[in-house]
1. Any residue at all in region 59-72 that's under 17 Å from G22 (Cα atoms) and more than 14 Å from the chain's Cα centre (by Cα)?
2. Count, please, the residues in region 38-72 that happen to be part of a helix (DSSP H, G or I) and hydrophobic (A, V, I, L, M, F, W, C).
3. Just to be sure I understand, how many residues within region 31-64 are among the acidic types (D, E) and in contact with a Leu (Cβ under 8 Å, 6 or more places away or on another chain)?
4. Could you tell me whether region 12-26 includes any residue that is exposed (fewer than 11 other Cβ atoms within 10 Å of the Cβ), modelled with pLDDT under 80 and of a type in the set (G, A, S)?
5. Give the residue that is surrounded by the fewest Cβ atoms within 10 Å (Cβ to Cβ), with candidates limited to residues of region 34-46 that are under 14 Å from the mean Cα position of the chain (by Cα) and closer than 26 Å to D88 by Cα.
Amino acid sequence: MCGSARRANSSAIAAFFDKGFGEWELSYGFRRDRWGRGYATEAGRACVRYGFETLGVEKIVADVEPDRVQSMRVLEKCGFARIGELEDGRLFYAITR
């Protein structure tokens, strides 16, 4: 759907259909020296917008480790809301059109 990937030890962001969740999922990871610059928020918003406006997706989900406070904040700035917790302890977020 929406994505960008770089070499190993770099950064990546993607939104894809996750068969395990049966939903479109936003996933991202950035090198530590790229944290705090707004890249994840900017790219996440672009992927959400593309999913809703271009592909007509109704819902996008994301999961985050409970100790990743910055990632939770990125999801919230992209419009996601926490909707639950997965069996393995990860927090589950979603945004709907």
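The values are calculated or read from the model by the stated rules, or taken from the named source; none is laboratory data. Owing to the predicted nature of the structure, the values given are computational and were not obtained by experimental measurement. Reconstructed Cβ throughout: ideal geometry from the backbone, glycine too, with neighbour counts over all protein chains shown.
1. Taking every residue of region 59-72 in turn, none turns out to be under 17 Å from G22 (Cα atoms) and more than 14 Å from the chain's Cα centre (by Cα).
2. At the first step, the residues of region 38-72 found to be part of a helix (DSSP H, G or I) are 39-53, 69-72.
Restricting the remaining residues to those that are hydrophobic (A, V, I, L, M, F, W, C) gives 40, 43, 46-48, 52, 69, 72.
Within region 38-72, residues that are part of a helix (DSSP H, G or I) and hydrophobic (A, V, I, L, M, F, W, C) number 8.
3. Quick first cut of region 31-64, residues among the acidic types (D, E) only: 33, 42, 53, 58, 63.
Cutting the leftovers down to in contact with a Leu (Cβ under 8 Å, 6 or more places away or on another chain) gives us 63.
Matching residues across region 31-64 total 1.
4. Checked against the condition, which is being exposed (fewer than 11 other Cβ atoms within 10 Å of the Cβ), modelled with pLDDT under 80 and of a type in the set (G, A, S), region 12-26 yields at least one hit.
5. Of all residues in region 34-46, those under 14 Å from the mean Cα position of the chain (by Cα) come to 38-46.
Within this subset, residues satisfying the condition of being closer than 26 Å to D88 by Cα are 40-41, 44.
Details: A40: 24, T41: 16, G44: 26.
Selected residue: T41.
Quick grid of which residues meet (1) of a type in the set (D, E); (2) modelled with pLDDT of 95 or more; (3) surrounded by 12 or more Cβ atoms within 10 Å (Cβ to Cβ):
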| position | (1), (2), (3) |
| --- | --- |
| G56 | no, no, no |
| K77 | no, yes, yes |
| R82 | no, yes, yes |
| E85 | yes, yes, yes |
| F92 | no, yes, yes |
